[in-house]
Number of protein chains: 2
Amino acid sequence: MIGQTDEFSLIARYFAPLSKGYAGALALTDDAAFVMPEPGKVLVVSTDTIVEGVHFLPGTPAGSVAMKLARVSLSDLAAKGAKPFAALLNAVLPRARDAAWIVAFSDGLKQDFDRFELTLIGGDTVSTPGPLCLSLTVLGWADVGRTPHRSGAKSGDDVWVSGAIGDGGAGLLAARGGSGSAYLLDRYRHPQPRLALGAAIAGLVTAAMDVSDGLIQDLGHICKASGLGAEIAAGSIPLSPDFKQTGLSAVEAATMGDDYELLFTAAPDRADVLLAAAARSGVDITRIGRMIDGAGVRCLDALGNDVTPVRTGWRHFD
Amino acid sequence: MIGQTDEFSLIARYFAPLSKGYAGALALTDDAAFVMPEPGKVLVVSTDTIVEGVHFLPGTPAGSVAMKLARVSLSDLAAKGAKPFAALLNAVLPRARDAAWIVAFSDGLKQDFDRFELTLIGGDTVSTPGPLCLSLTVLGWADVGRTPHRSGAKSGDDVWVSGAIGDGGAGLLAARGGSGSAYLLDRYRHPQPRLALGAAIAGLVTAAMDVSDGLIQDLGHICKASGLGAEIAAGSIPLSPDFKQTGLSAVEAATMGDDYELLFTAAPDRADVLLAAAARSGVDITRIGRMIDGAGVRCLDALGNDVTPVRTGWRHFD
């Protein structure tokens, strides 16, 4: 039980090893971290919070919790074409949490920090009478002028998405039911931030974001920020073989969220160079629709019928 | 009740107004924020988390919660000589929280962001079945080479502290008891980050940090990081008139925490220039002891007796 130790020992034992290799982290022994700017680069910062019982099910392996936390944050940097280098962790830990949980959590975080070349440069570790709650703030560098926002889409642009949609949501259903495809469960627990793809397409796209709340809802954010509408073809939404076996539809896939794929818009004449960039990054991309004058997202079936669902994605306070 | 709205409306209504004036915040409508480096400056980053019922009492006015959150984070930047410019807010909100609470919280935050010239550039807003939990990550710029760490103290250095010690802790006792000095309660709820003092002395000191967990415990961190010990005179610890009326002792003051004063070390020949810098910053500073060879902090009374308490400060998982 971590109630038998103190936060300084916790930090020194479990988190300081993740701070190696970055002088400005000061081995997590100081009150602040120091980041020297890189010439010609803009700092890109994103932060995500996950709460046990809200963002992940109680009983999820601690290593998987760590990886999900790291990857949902890194996915935001991927969408902005940034290369991540550092992170800060705010860990709000129940006093009764087993020390074995912390060991497995920090092991999982270490694996991902090694995998994605991240250094832990700071954070805060506190106790709570409530559920476990974790925030990760990630820092990356991007080339000035090559950081796609949500607001840059133009009417007539193609709408693209990476990978396959719906796997994460179907994986969550599998986790809740205690059974289902191991592939989908893995996609839910261990999403792949599309960092190489994001960096490769950053200078080619007009808008980009990652799909976390649901494809249709997230495309709605690009529409709103860009002052446009969008039409997507339900039949063109990329689905994995395992997803298809669940019996869920493409429209359902587009509302479930937890995809952490990249959603982006680009002029139609960029299609070939985008496909080539995606191939070099080892990730499929699929054209699913286009940006139009107007507002909101319409999802059409093969006959042109509007099959847009009423509930387009996850909201916290519904 | 915020359960009737969604996080996008919450962010747009209550938090986006705090993002004005910083282009890289993108009005909190994007997944990430963008920070352009300042030539010759190092980025200083610090983050703090507070949990209702742990770091502040349930029933604390929401505006005071916001100000405490902002100031405990800014205090860390003050200790490093940095000028804050931006912050990210991770808000973990109980679904049943009254909307009036959010209004008062965001009002308090807005007041402090105006006061300390901060812009909200990002964050995450999520729901929880547990207690309210808030993290603020603050970013500041400091001059390269003028960022004191904990580890730079030298044997023979003077130990200094700003302001008065114990007011915050006594204010907490007053808040718990439901009565007591309004001055102490205000010092507990609304600590003053010593930003001007921190910037003025950054190039003069050998080590600096803020006092948050207790003067003796925090000086112990400087000792450990610097490989030294320290001796302080209980009688020299600066106490406010209101604190003295509580009947608490100077040694108790030095263990209670919540001070958010600056604790720093400097060569004895810097005393005059430090006192002048403090006078220009409008904050008193007091020499309370010196760094010595050895380890740990010893607190001595006027007769030279060791009056170091066993419990030197706050720990989360005791």
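Using a 10 Å cut-off around each Cβ, can you sort A:Ile285, B:Ile201 from fewest to most neighbouring Cβ atoms? Kindly include the intermediate steps, with their values, before the conclusion.
On the way: A:Ile285 24, B:Ile201 28.
The most exposed by this proxy come first: A:Ile285, B:Ile201.
Checking a compactness column here: for the stretch A:158-300, what do you get for Rg(Cα) / (2.2 N^0.38 Å), N being the number of residues? Working shown, then result.
Numbers: Rg = 14.6 Å, N = 143, 2.2 N^0.38 = 14.5 Å.
Rg over 2.2 N^0.38 Å, computed on Cα atoms: 1.01.
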Exercise. What ranking do A:Arg290, B:Arg146 get, fewest neighbouring Cβ atoms within 10 angstrom at the top?
Worked result: B:Arg146, A:Arg290
Problem set entry | Global geometry of the stretch B:148-215, whether rounded, prolate or oblate, following the gyration tensor of its Cα atoms and the 1.5 cut on a/c | prolate
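Give me B:Asp218, A:Asp242, B:Asp98 ranked fewest to most by other Cβ atoms within 10 Å of their Cβ, as a rough exposure proxy.
Going from sparsest to densest Cβ surroundings: B:Asp98, A:Asp242, B:Asp218.
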Seminar exercise, completed: If labels are modelled 7 Å from Cα along the Cβ direction, A:Pro61 lies from its partners in the other copies at nm distances, smallest first, of 5.1
Problem set entry | Using distinct alpha-carbon pairs, which all enter the 1/r mean, Kirkwood radius of the stretch A:1-141 in Å | 15.3
Problem set entry | Shielding by other protein chains, B:8-20, mean Cβ within 10 Å | 1
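Step through the table entries A:Lys41/B:Lys110; A:Lys224/A:Lys244; A:Lys20/B:Lys80, compare each Cα-Cα distance with 27 Å, and write down the pairs that go over it. Don't skip to the answer; put the middle values down first.
Working: A:Lys41/B:Lys110 30 Å; A:Lys224/A:Lys244 31 Å; A:Lys20/B:Lys80 21 Å.
With Cα atoms farther than 27 Å apart: A:Lys41/B:Lys110; A:Lys224/A:Lys244.
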For this session: Provide the convex hull volume over Cα atoms per residue for the protein assembly as shown, in Å³.
Result: 143
Exercise. Can you list, shortest first in nanometers, how far B:Val310 lies from the same residue in the other copies, with each label 7 Å from Cα toward Cβ?
Worked result: 6.4
Seminar exercise, completed: Around A:Gly21 (Cβ within 14 Å, Cβ-to-Cβ, excluding A:Gly21; K/R +1, D/E -1) the net charge comes to 0
For this session: Give the percent of DSSP beta bridges with both residues in the protein assembly as shown that are antiparallel, rounded to the nearest 5.
Result: 75
For this session: Rank B:Thr246, B:Ala277, B:Ser236 by how far each Cα sits towards the positive end of the charge dipole of the stretch B:207-295 (+1 on Lys, Arg Cβ; -1 on Asp, Glu Cβ) and give me just the farthest.
Result: B:Ala277
Exercise. Along Cα→Cβ at 7 Å, what distances in nm separate the A:Gly21 label point from those on the other copies, shortest first?
Worked result: 3.9
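Can you figure out the FRET efficiency of A:Asp114 with B:Asp301, using R₀ = 51 Å and their beta-carbon distance, to the nearest 0.05? Could you put the intermediate results ahead of the total?
Numbers: r = 52 Å, r/R0 = 1.01.
In this case the efficiency is close to 0.50.
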For this session: Compute the distance in nm between two label points, each set 7 Å from the Cα along the Cα-to-Cβ direction, one at A:Ala23 and one at A:Met36.
Result: 0.5
Seminar exercise, completed: A correct Karplus calculation of ³J(HN,Hα) over the stretch B:157-163, with 6.51 cos²θ - 1.76 cosθ + 1.60, θ = phi - 60°, whole Hz and x for Gly and Pro, returns 4, 6, 9, 10, 9, 8, x
Problem set entry | Karplus (6.51, -1.76, 1.60) ³J(HN,Hα), θ = phi - 60°, over the stretch A:287-296, in Hz, Gly and Pro reported as x | 7, 10, x, 8, 7, 10, 5, x, 8, x
For this session: Return the FRET efficiency for the residue pair B:Arg176, A:Leu57: r is the Cβ-Cβ distance, R0 is 41 Å, and the value is rounded to the nearest 0.05.
Result: 0.65
Problem set entry | Shape parameters for chain A, alpha-carbon atoms, Rg then Dmax in Å | 20.1, 64
Seminar exercise, completed: Taking placed amide H atoms and a strict 5 Å upper bound, the residues 5 or more places from B:Ile292 or on another chain that come that close are B:Gly156, B:Gly229, B:Ala230, B:Glu231
Seminar exercise, completed: For the stretch A:72-145, using Cα atoms only, the Rg and Dmax in Å read 14.1, 48
Problem set entry | Residues B:Lys244 and B:Arg146, FRET efficiency given R0 of 41 Å [Cβ-Cβ distance, rounded to 0.05] | 0.70
Exercise. Between the helical axis of A:99-115 and the dominant principal axis of chain A, each derived from Cα atoms, what acute angle in degrees is found, rounded to the nearest 10?
Worked result: 50
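Laboratory data are not the source of any read-out in this text; all were calculated from the coordinates shown. Computed from a predicted model, the values in this text were never measured in an experiment. A quick note on method: Cβ atoms are made from the backbone with ideal geometry, for glycine too, and the neighbour counts reach across all protein chains shown.
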